[in-house]
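**Q** Please read through the structure below; I'll follow up with questions.
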Amino acid sequence: MADAVHIPDEAETRARWGNFAWTAENAEQAKKVIARYPAGRQQSAVMPLLDLAQRQVGAETQTNGWLPVPVMEYIADQLEMPYMRVYEVATFYTMYNLAPVGRYHVQVCGTTPCMLRGSDDVFSACKNKGLVKGGTTPDGLFTLTEVECLGACANAPMVQINDDNYEDLTYDSMSAILDDLAAGKQPKIGPQIERQTSCPEGGPTTLTEMVSENHDYRGQWKEGAR
């Protein structure tokens with residue numbers, strides 16, 4: 001697994017983020033999120049508020065965002081819950097970053113299905129582009145993390161970069177994705193081979209007669225088929 005992340009110095013972190021507060025837009029969003037839950041159950045909003053806070057930090061730092069301790073304390077105060085309870089949630093899920101990351105957070109699945117299907121090649125592509133597990137590139141562009149299953153086993157190997165999944169990867173396709181991101185381009189999201197979501201490569205293999213009559217492979221129903 002990845003090397004342990006480097007937690008920034010607490011004094012520096014508090015000096016930078018000790019006065020954290022929601023932007024006007026996010027303050028309204030936070031109110032809407034909390035209002036989803038009955039009175040006295042507002043602590044259930046902790047996960048979406050952590051995500052919202054991480055995105056705000058990301059917008060302020062031009063990165064994928066992270067959760068400084070003072071930001072977690074701010075959320076704890078708003079939800080009237082112990083700081084440690086918020087910290088427990090943030091440390092349990094890999095979707096929350098406990099240290100600064102780059103503009104693009106490259107999370108490579110290294111669990112068995114992806115490993116068997118070539119995640120080592122994906123890691124090699126990352127390494128040859130200067131990415132190191134647990135670290136951020138000197139230009140601040142990429143942070144590489146190895147994570148557990150991301151739920152796309154049928155499309156292994158895969159990575160999640162910020163909010164997007166890239167699947168059916170090879171060394172070459174992963175290299176191309178990183179090149180596009182570095183150049184400010186948006187790579188193709190999803191499978192990197194010719195198939196729709198997790199359907200068989202090359203088209204359907206069952207119910208082919210029904211498909212050919214009513215449905216094209218790209219997901220469009222023919223007029224009158226319903």
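**Q** Would you please list the contacts, defined by Cβ atoms under 7 Å and residues six or more apart or on different chains, that run from a residue in region 150-178 that is among the hydroxyl-bearing types (Ser, Thr, Tyr) to a residue that is surrounded by fewer than 20 Cβ atoms within 10 Å (Cβ to Cβ)?
**A** From residues that are among the hydroxyl-bearing types (Ser, Thr, Tyr), the pairs are Tyr166/Pro187; Tyr166/Ile189; Thr170/Gly118; Thr170/Asp121; Tyr171/Asp121; Tyr171/Ser124; Ser175/Lys129.
**Q** Given the criteria surrounded by 15 or more Cβ atoms within 10 Å (Cβ to Cβ) and not basic (Lys, Arg), does Gly65 qualify?
**A** Answer is yes for this residue.
**Q** Name every residue in region 161-173 that is within 16 Å of the chain's Cα centre (by Cα) and surrounded by 13 or more Cβ atoms within 10 Å (Cβ to Cβ), in order of residue number.
**A** Ile161, Asn162, Asp164, Asn165, Tyr166, Glu167
**Q** From the list Glu60, Glu73, pick out the single residue that is within 22 Å of Thr137 (Cα to Cα), part of a helix (DSSP H, G or I) and at pLDDT 95 or above.
**A** Unique residue meeting the criteria: Glu60.
**Q** What about Asn19, is it touching a Lys or Arg at 6+ places or on another chain (Cβ under 7 Å), within 30 Å of Thr137 (Cβ to Cβ) and not in a helix (DSSP H, G or I)?
**A** Judged against the criteria, Asn19 is not a match.
**Q** All but one of (1) over 20 Å from Val57 (Cβ atoms); (2) open to solvent by 40 Å² or more (accessible area, probe 1.4 Å) hold for Asp77; state the number of the condition that does not hold.
**A** Condition (1) is where Asp77 drops out.
**Q** Here's a follow-up. Return yes or no: is Val147 more than 16 Å from Ile189 (Cα to Cα), among the β-branched types (Val, Ile, Thr) and out of contact with any Gly (no Cβ under 9 Å at 6 or more places or on another chain)?
**A** no
**Q** When the residues of region 179-195 are filtered to those that are free of Cβ contacts under 8 Å to residues at least 60 places away in the same chain and surrounded by 14 or more Cβ atoms within 10 Å (Cβ to Cβ), which remaining residue is nearest to Asn165 (Cα to Cα)?
**A** Gly190
**Q** If I filter region 50-78 down to residues being under 16 Å from the mean Cα position of the chain (by Cα) and aliphatic (A, V, I, L, M), which single residue comes out as nearest to Pro8 (Cα to Cα)?
**A** Among residues in region 50-78 that are under 16 Å from the mean Cα position of the chain (by Cα) and aliphatic (A, V, I, L, M), the one nearest to Pro8 (Cα to Cα) is Leu67.
**Q** Still on this structure: For Ala99, which of the numbered conditions (1) of a type in the set (A, V, I, L, M); (2) in a helix (DSSP H, G or I); (3) out of contact with any helix residue (DSSP H, G or I) (no Cβ under 9 Å at 6 or more places or on another chain) fails to hold?
**A** Condition (2) is where Ala99 drops out.
**Q** Residue by residue through region 28-43, note down the ones that are within 13 Å of Leu79 (Cα to Cα), open to solvent by less than 80 Å² (accessible area, probe 1.4 Å) and part of a helix (DSSP H, G or I).
**A** Result: Ala30, Val33, Ile34, Gln42, Gln43.
The values are calculated or read from the model by the stated rules, or taken from the named source; none is laboratory data. Not measured: the values here are computed from a predicted model. Positions of Cβ are generated from backbone atoms using ideal geometry, with glycine treated the same way; all protein chains shown enter the neighbour counts. Accessible surface is based on the protein model in full, side chains and every heavy atom, while ligands, DNA and RNA are left aside. Shrake-Rupley method; radii C 1.70, N 1.55, O 1.52, S 1.80 Å.
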